[in-house]
1. Can you list the trypsin sites (Lys or Arg not before Pro) in segment 56-99 that are in a DSSP coil and have 12 or fewer other beta carbons within 10 angstrom?
2. For segment 48-96, what is the Kirkwood hydrodynamic radius in Å, using each pair of distinct C-alpha atoms?
3. Note the full-extension length gain between LEU53 and SER72 as 0.36 nm times their separation in residues minus their Cα-Cα distance, in nm to one decimal.
4. Could you work out how far apart the two model spin labels at ASP91 and LEU46 are, taking each label as a point 7 Å from the Cα in the direction of the beta carbon, and quote it in nm?
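Any read-out appearing in this document is the output of simple, stated calculations on the displayed coordinates, not a laboratory observation. Since this is a predicted model, take the numbers as computed values, not measurements. All Cβ positions, even for glycine, are placed from backbone atoms using ideal geometry, and neighbour counts span all protein chains on display.
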Amino acid sequence: MTYITPSRAGSAAGIGRVRADASGTQRPQQEDIRTNPSRGSDSAELSPVSRYLSELKAGPAVRTDLVARVKSEIANGSYETDAKFEAILDDVAEDISFDL
């Protein structure tokens, strides 16, 4: 069985492996686990929900070029056109399903 020995006064000097022999007596080994780890590497897996929440938190990429263009069109009065209003009215009428 492998144990990590407690460090002394907050230093890393006491970090090492301790093995118990058949009699149950613990004896420290000479190897230092900081420089010679013999166990496998640690890993962590995120749940799908965690990954999804992370993506939501990051938010979509902002298309600064498009935002700048639309702001400019709004400022000079060319953003709202009759063709855009007609397209919106057609979409709304289709959603409502008016029978004319």
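1. On the way: sites: LYS57, ARG63, ARG69, LYS71, LYS84; in loops: ARG63.
Of the trypsin sites (Lys or Arg not before Pro), the ones in loops of segment 56-99 whose Cβ has at most 12 other Cβ atoms within 10 Å are ARG63.
2. Details: mean 1/r = 0.0715 Å⁻¹.
Result for segment 48-96 stands at 14.0 Å.
3. Numbers: separation 19, 0.36 × 19 = 6.84 nm, distance 3.37 nm.
Full extension from LEU53 to SER72 adds 3.5 nm.
4. About 3.2 nm separates the two model spin labels.
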